[in-house]
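K.L.:
Below is one structure. I have some questions about it.
Nothing in this text is a laboratory measurement; each read-out follows from the coordinates by a stated rule. Not measured: the values here are computed from a predicted model. Cβ atoms come from the backbone with ideal geometry, glycine included; neighbour counts cover every protein chain shown.
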Amino acid sequence: MSAQLPFWPDDGYDTVQASDGVSRYGAYLAQKRGMFLDYGEDPTPTRDRLEFAAAAWEIASSPIMAPPYVRTHPRIQSAGVAWDDQGSMAIDVVIATEDRPDLGDLRYKAAGWGRDSLSPRRWFDPQDSSRLTVLPSVLIRVPITPGDVTEPAYVNGSPVTVVAQDAVGGICDVLNRVVARVLYGLG
C-alpha cells in the first residue's frame with residue numbers, strides 16, 4: 001500500500017507473518033475476542049457497528065499489535081478511539097508538527113521531535129527527561145458513523161477476520177479523506 005496515505009492496513013505483512021498461514025490480525029482477534037463483548041447479565045458479542053469497529057481498530061493498532069496491522073504516516077503519533085457522552089465515536093489522530101511556539105532564548109535549549117536514523121521520516125518523542133522538550137502537534141478528531149463500518153459477524157464467539165478487516169478499512173477510508181488534507185497542508 002502507498003505510504004502517501006495517512007493510514008493503511010498492511011495485508012501483505014499480515015499474511016506473511018501469520019502463524020496460521022492466513023492472518024496475523026485474525027489470531028489477535030481470536031485472542032482478544034473479549035473486547036467485543038457486551039457486558040450485562042449474559043455477556044454476548046456486540047451487535048453494535050461502532051463498538052465492533054472500535055474493538056477491531058484498537059486490536060489492529062499499537063500497543064496490542066506490534067507492529068500494528070494498520071500502518072501510519074511517519075508523522076502520526078497516535079490514532080485512538082474516543083467516545084462522547086452521547087455514544088458517538090471518533091478517532092483522535094495526533095500529528096507531529098514543526099510549528100513550535102515562540103520560546104525566546106529557550107529555543108536553543110529545548111529538544112524537539114526526534115528522527116529515527118533507520119527511517120528518517122519517522123518522528124518520535126526523544127523521552128529525555130533531563131532536557132526541556134517541546135513537541136508541537138495537531139489533534140484531529142474524526143467522527144466515525146455506523147454507515148462507515150460493517151455489520152458485526154462472529155464465528156464461535158470470535159469476530160470474523162474479513163469483517164473486522166472491512167471495519168478497519170472503513171475507518172482508514174474516513175481518516176484518509178480528512179487527515180490527508182491536514183497532514184499534507186503542514187508541509
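K.L.:
Against the longest principal axis of the chain, how steep is helix 49-60, in degrees 0 to 90 to the nearest 10, with axes from Cα atoms?
P.N.:
So the helix axis and the longest Cα principal axis differ by about 60 degrees.
K.L.:
Please work out which option in (i) 20.4; (ii) 17.5; (iii) 18.0 gives Kirkwood radius over Cα pairs in Å calculated from these coordinates, and answer with its label.
P.N.:
Label (iii) holds the value from this structure.
K.L.:
Return one number: the angle in degrees, 0 to 90 and rounded to the nearest 10, between the long axis of the Cα atoms of helix 161-185 and the longest principal axis of the Cα atoms of the chain.
P.N.:
20
K.L.:
To the nearest 20 debye, what is the magnitude of the charge dipole of segment 90-167 about its Cα centre, counting +1 on the Cβ of each Lys and Arg and -1 on the Cβ of each Asp and Glu?
P.N.:
360
K.L.:
Taking the Cα centre of the chain as the origin and placing charges on Cβ (Lys, Arg +1; Asp, Glu -1), which of Asn156, Leu132, Leu106 is farthest toward the positive end of the dipole?
P.N.:
The listed residue farthest towards the positive side: Leu106.
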